[in-house]
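The values are calculated or read from the model by the stated rules, or taken from the named source; none is laboratory data. Computed from a predicted model, the values in this text were never measured in an experiment. Cβ placement follows ideal geometry from the backbone for every residue including glycine, while neighbour counts extend to all protein chains displayed. For the accessible areas, the whole protein counts, side chains as well, though only heavy atoms, and no ligand, DNA or RNA atoms are used. Shrake-Rupley method; radii C 1.70, N 1.55, O 1.52, S 1.80 Å.
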Amino acid sequence: EAKAKGRSTTCVFAPEMEARLRDRLQIESDLRVALAEQQFALAYQPIFNLETDRLCGFEALLRWRHPERGLISPAAFIPIAEETRLIVEIGAWVLRQACRDIASLPGELKIAANLSPVQLAVGDIATTLADIVRETGLDPSRIELEITETALFADDQRNLDALRRLKALGVRIVLDDFGTGYSSLSHLRLFPLDKIKIDRSFVQDMVDRPDSAAIVEAVTSLARRLGMTTTAEGIETAEQLAVVRRIGCTEAQGYLLGRPEPIAAALETVRCSARVEIGA
Ligand code: C2E
Ligand code: MG
Ligand code: MG
Ligand code: MG
């Protein structure tokens, strides 16, 4: 077919395609200076334990304050940072900053940070984290690293070795966004995970859709059977909170309970929540 068309076939770039490509290249080159120019910041979203109704920690979420474009969502720039492997350096900055910030908080509070599969595949994340733990004096059992299922894909030996070395430091490994993408229950046997975060798409459908509620319930009891805890992500309503509480999820996170906010505001949340009563 292609051969028959031969020389008569021409390749035309649509102007929008060209614009998109230029945009991407610009973001890529801007990303290269963003760390040095201190354009990154972390936002901290509170996580609550549903058995005690207490604040139990924060998830650190990366923010990029671009000098011209303003705030850029991580969903927009992390894929580019991964392709260029800049995520290795950026991710190390996230871990160091999050550990520094949390080191000054009460000892029972944990810090969760997201880890890109590229950080497992490239460089030596375990040594980086060991250095950070030493620098900050933070108890590693207070650190949770959130990975997605792609990090466990294809039984990739290098990724699994990196995870094992991280785990040997005493940190907890959490499976994020469970139920999205190419989920497979066999992923749960590849590595001894500590916790599963149930994706907000299930949590948010739960109240209206019995099938979503059934999935959340099944994942929660499966996790329990496998010796793991669960976090329900994306709780936006009191109704959703009541359902995940009834189902028996261990922890909850979402806009209803607290939005991601700068460290100063997070510290204020801690100060005001000697005992935080949530939900009905
Ligand atoms: P994630 O790890 O699943 O983080 C949860 C995302 O859901 C955050 O979006 C958070 O702001 C948002 N969220 C929390 N509660 C609610 C809610 O009640 N309703 C709704 N609609 N959304 C809620 P954010 O901060 O935009 O981050 C998006 C994703 O970017 C994260 O998803 C994570 O995969 C990635 N990401 C963020 N920071 C980092 C990082 O430092 N490193 C890496 N590799 N990825 C990161
Ligand atoms: Mg996460
Ligand atoms: Mg998540
Ligand atoms: Mg998610």
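Per-residue answers, yes or no, for (1) within 11 Å of ligand 1 (Cβ to nearest atom); (2) open to solvent by 50 Å² or more (accessible area, probe 1.4 Å); (3) under 16 Å from Ser201 (Cβ atoms); (4) charged (D, E, K, R):
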position: Glu233; (1), (2), (3), (4): yes, no, yes, yes
position: Glu236; (1), (2), (3), (4): yes, yes, yes, yes
position: Val243; (1), (2), (3), (4): no, no, yes, no
position: Thr250; (1), (2), (3), (4): no, no, no, no
position: Leu256; (1), (2), (3), (4): yes, yes, no, no
position: Arg259; (1), (2), (3), (4): yes, yes, no, yes
position: Pro262; (1), (2), (3), (4): no, yes, no, no
position: Ala265; (1), (2), (3), (4): no, no, no, no
position: Arg271; (1), (2), (3), (4): no, yes, no, yes
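A residue that is assigned to a helix (DSSP H, G or I) and surrounded by 19 or more Cβ atoms within 10 Å (Cβ to Cβ) can be found somewhere in segment 108-118. Taking first residues from segment 178-194 that are within 18 Å of Leu145 (Cα to Cα) and of a type in the set (D, E, K, R) and partners that are in a loop (DSSP other than H, G, I, E, B) and open to solvent by less than 50 Å² (accessible area, probe 1.4 Å), the Cβ contacts under 7 Å between residues at least 6 apart in sequence or on separate chains come to Asp194/Met228. Filtering segment 159-195 to residues that are away from ligand 1 (no atom under 16 Å from the Cβ), modelled with pLDDT of 90 or more and among the basic types (Lys, Arg) leaves Arg164, Arg165, Lys167. Of the strands (runs of 3 or more DSSP E) lying entirely inside segment 122-234, those carrying at least 1 residues that are more than 24 Å from Ala103 (Cβ to Cβ) are 172-178, 195-198, 229-232. Could you say which residue among Thr230, Thr180 is in contact with a strand residue (DSSP E or B) (Cβ under 6 Å, 6 or more places away or on another chain), under 23 Å from Pro260 (Cα atoms), of a type outside the set (Lys, Arg) and within 16 Å of ligand 4 (Cβ to nearest atom)? That would be Thr230, the only listed residue that is in contact with a strand residue (DSSP E or B) (Cβ under 6 Å, 6 or more places away or on another chain), under 23 Å from Pro260 (Cα atoms), of a type outside the set (Lys, Arg) and within 16 Å of ligand 4 (Cβ to nearest atom).
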